Amino acid sequence: MAIPVKLEAFEGPLDLLLHLIEKNKIDIYDIPIVEITEQYLDYIRQMESEDMNVMSEFLVMAATLVDIKCRMLLPREVNEEGEEEDPRAELVQKLLEYKMYKFMSLALRDRQIDAAHNLYRKQQLPEEVAAYRQPVDYEELIGDMTLNRLHEIFKSIVRRQEDKIDPIRSRYGRIEKDEIDMDMKTLYVEAYAREHKSFSFRRLLEKQKSRAEIIVTFLIILELMKTGKISISQEHIFDDITIISNVA
């Protein structure tokens, strides 16, 4: 005798089958295929849907249930291991997989709902804490290479610039302030690094025209090292330093 089924909206034929199994408290591993098929067909008869794609899915499952019902009346087939095959096995596997995915979707939905109830307070930090920046350890940044060698090259280039100054003539004439645009100089160094890819640190400083330009270029090199746009290497301890460009 078929049990009356309340007409409800189901996501698909597997959803309907799972509903019938749970409603009748049936063991999913031992489905009474005759009873379930009758209930399923009864629901199909009550369906009123103009969407043929939806109806076709339910009709395919109906045909599958009828096929399993017929195979249950025949002698069981035996597999290669000598065990009898259950015609319901494939259907049971699909139902178990669907049940697992449905449970996961419900769990994710619950998490989404719970997340909507969480409120976060805007971060409030003292100005001195928010403005703090961790100091950069340049020795750690460049590994075994220390800043001593960079500083030695820098000082030697500065001394060379000082030697170019005439000690007598420099005392006469108009003294003008040597102004250097830091942003323009940074663009120059980055363009130089982008073009040469690998170049001598000493040669770069030698290209500068004044002591102020050397100092600014040196500071820019340190900043580019900090941001990872360049790296430096030295094969031997007294060799010149090679700058390797990472500027795109």
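Only the coordinates and a few stated rules stand behind these numbers; no lab work does. Everything quoted here is computed from the prediction, not taken from an experiment. Cβ sites come from the backbone with ideal geometry, for glycine too, and all protein chains shown count toward neighbours.
What share of all Cα pairs of the range 56-104, in percent, falls into each consecutive 10 Å distance bin?
Going out from 0 Å in 10 Å bins, the range 56-104 shows 22, 41, 29, 8 percent.
Kindly rank 214-223, 196-205 from highest to lowest mean number of other beta carbons found within 10 Å of each residue.
214-223, 196-205
With +1 assigned to the C-beta of every Lys and Arg and -1 to the C-beta of every Asp and Glu, and no other charges, what is the dipole magnitude of the range 35-90 about the Cα centre in debye, to the nearest 20?
Value, rounded to 20: 260 debye.
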